[in-house]
Amino acid sequence: MRAPILLSVPIVLLLSCSAAVAKPPCIPPEQALQHLHKDVCVEARVYRVVDASDGIRFLDVCSPETSDADCHFFIISSTEDKKSVGNLESLVGQTIQIRGKILPIQGRADMIFSSKEQLHGGKPKFHPNPQLVKSFSAENGGQGFSPHNGVGGQHGVHFRHRGN
């Protein structure tokens, strides 16, 4: 009788841990004004791409039934970012998830789209250093940091910039 209980404990812990590290859900465009100056994921349907005379392109995520006065969120892409964002026309008719900072521009909430990596909820914010991960590996007995990292009585760990 104890075996099923003992087996269920790790499963419950695994599920609660995975829920704790799950990405927060994307917000709809209508909530963008509530998240000014925050890095968030927005899920929106792209209805059309508008090319402005100055080269700026807008992803229109407001339905055709929505008046301009009631449309409070746009996704903006500059001409300089054309290579890194790709063909915006391919996004028309699709529901996208895009991550970025919500900026207040002329009473609206806008997001700058400058890289394909922003799509699908965005790239992970933390990229571990491969050398550091390797040094922490239990397989090779690594301990990460030596207790002797301080030099000449100085406190702390000294890092060397390698330039990426």
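Tell me the net charge near LEU36. Cut-off is 12 Å between Cβ atoms, LEU36 excluded, with +1 for each Lys or Arg and -1 for each Asp or Glu. Result for the neighbourhood of LEU36: +1.
Label-to-label distance, ILE56 versus HIS72, with points set 7 angstrom from Cα along the beta-carbon direction: 1.9 nm.
Seen through its C-alpha gyration tensor, with square-root eigenvalues sorted a ≥ b ≥ c, the range 27-118 comes out rounded because a/c lies under 1.5.
What net charge is computed for the residues neighbouring HIS72, neighbours being all others with C-beta under 13 Å from the C-beta of HIS72, Lys and Arg scored +1, Asp and Glu -1? Don't skip to the end; give the middle numbers.
Numbers: positive: ARG108; negative: GLU30, ASP60, ASP68, ASP70, ASP110.
My count for the surroundings of HIS72 gives -4.
Remark: the range 104-113, residue by residue, has Karplus-estimated 3J(HN,Hα) of x, 9, 6, x, 10, 9, 10, 10, 8, 9 Hz, where x stands for each Gly or Pro and the curve is 6.51 cos²θ - 1.76 cosθ + 1.60 at θ = phi - 60°. Annotation note: chymotrypsin sites (Phe, Trp or Tyr not before Pro) in the range 69-128 located in DSSP loop regions with a Cβ neighbour count of at most 11 within 10 Å are PHE126. Based on Cα contacts under 8 Å between residues 6+ apart, the range 27-118 shows a relative contact order of 37 percent.
Laboratory data are not the source of any read-out in this text; all were calculated from the coordinates shown. Model, not experiment: these values are computed from the prediction. When we count neighbours, we look across all protein chains shown, and the Cβ atoms used for this are built from the backbone with ideal geometry, even at glycine.
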